[in-house]
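Input: a single structure, listed below in structure tokens.
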Amino acid sequence: MCLAIAPNTQCSHNLFARVWRRVAATPLRLFSFGAIVHLLVGTTILIYSHITDTQINTNVLLSGFSYGVLALPVFGFLMTWLPRACSLSPVHYGRYNSVYLLIMISLIIIEYGSIYSHRWSDLGILLLIPGWLIAMQGLWNLHIWMSSSVKDFSRVLLMLLFLNYAILIFSILAQSIDFSMPAIMPLLSIFLIWPIVLLITVFLVIKAPYSGRKITI
């Protein structure tokens, strides 16, 4: 009987595999890559609709932009930078890969549905909920172990992200009963909540102790 119990250390060394390992090495790199891809796709859809005079669901694209494209680099920065700056364990790759996959799949469905079917768009926006939930839980786990000098800023930041999450859920519920307010929701998020989130993040960066483990970004 062969006792083949040693770990499998073989991995692909082709060009694509090497590049992808570098892209996926940290949440910031991986999430920024996803955000850039879908920003280009969304821009292409808008240009295509203008050239061909195709009717698209711009409200859905705005929701995808706010809760997907903008959320990805923010989550990526916090999940990469907070552990490095505050001497915490890095976010597990299983967690940030799950967030990445859920948000990327939801954005693909949203972009498809914005042109072809609003039902697909509704499904895509719905898939943003578990992606956000996994990301928020990871950030909360980091917040618990942070030092008191930065916890106040981290708490405000989490409250704003939870508010954004609540707006996302409310817009989905409102859309399900054909309420006219969801068009306002992504705009509220883009022009009010995200700028404050970025401002609080700057204060968090300034106050962070920057001690202990270093993670290459």
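The values are calculated or read from the model by the stated rules, or taken from the named source; none is laboratory data. The model shown is predicted, which means the values in this text are computed figures rather than measured ones. Methodologically, a virtual Cβ is constructed for each residue, glycine included, from the backbone with ideal geometry; neighbour enumeration extends over all protein chains shown.
Kindly indicate which of 123, 133, 173, 127 is closer than 26 Å to residue 202 by Cα and not β-branched (Val, Ile, Thr). Walk me through how you get there before you give the answer.
Working: 123 fails: closer than 26 Å to residue 202 by Cα; 173 fails: closer than 26 Å to residue 202 by Cα; 127 fails: closer than 26 Å to residue 202 by Cα.
Every option except 133 fails the conditions.
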I'm trying to understand the selection: among the residues of segment 53-88, which are modelled with pLDDT of 90 or more and among the small types (Gly, Ala, Ser)?
63, 64, 66, 68, 71, 76
Considering only segment 43-101, state which residues are among the aromatic types (Phe, Trp, Tyr) and more than 20 Å from the chain's Cα centre (by Cα).
48
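Do any helices (runs of 4 or more DSSP H) lying entirely in segment 108-204 carry at least 1 residues that are surrounded by fewer than 16 Cβ atoms within 10 Å (Cβ to Cβ) and not hydrophobic (A, V, I, L, M, F, W, C), and which ones are they? It would help to see each step written out before you state the result.
On the way: elements: 118-144, 148-176, 184-188.
The helices (runs of 4 or more DSSP H) meeting that bar are 118-144, 148-176.
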Does any residue in segment 93-115 that is closer than 14 Å to residue 135 by Cβ and β-branched (Val, Ile, Thr) come within less than 6 Å, Cβ to Cβ, of a residue that is crowded, with 23+ Cβ neighbours inside 10 Å and at pLDDT 95 or above six or more places away or on a different chain, and which pairs are these?
99/131; 99/135; 103/68; 103/131
Return the residues of segment 51-82 that are among the aliphatic types (A, V, I, L, M), closer than 17 Å to residue 40 by Cα and part of a helix (DSSP H, G or I); say none if nothing qualifies.
51, 60, 61, 62, 69, 71, 72
Looking only at segment 83-99, filter to residues that are part of a helix (DSSP H, G or I) and not aliphatic (A, V, I, L, M); which one of those is surrounded by the fewest Cβ atoms within 10 Å (Cβ to Cβ)?
94
Residues that are among the β-branched types (Val, Ile, Thr) and out of contact with any helix residue (DSSP H, G or I) (no Cβ under 9 Å at 6 or more places or on another chain), drawn from segment 50-80
51, 52
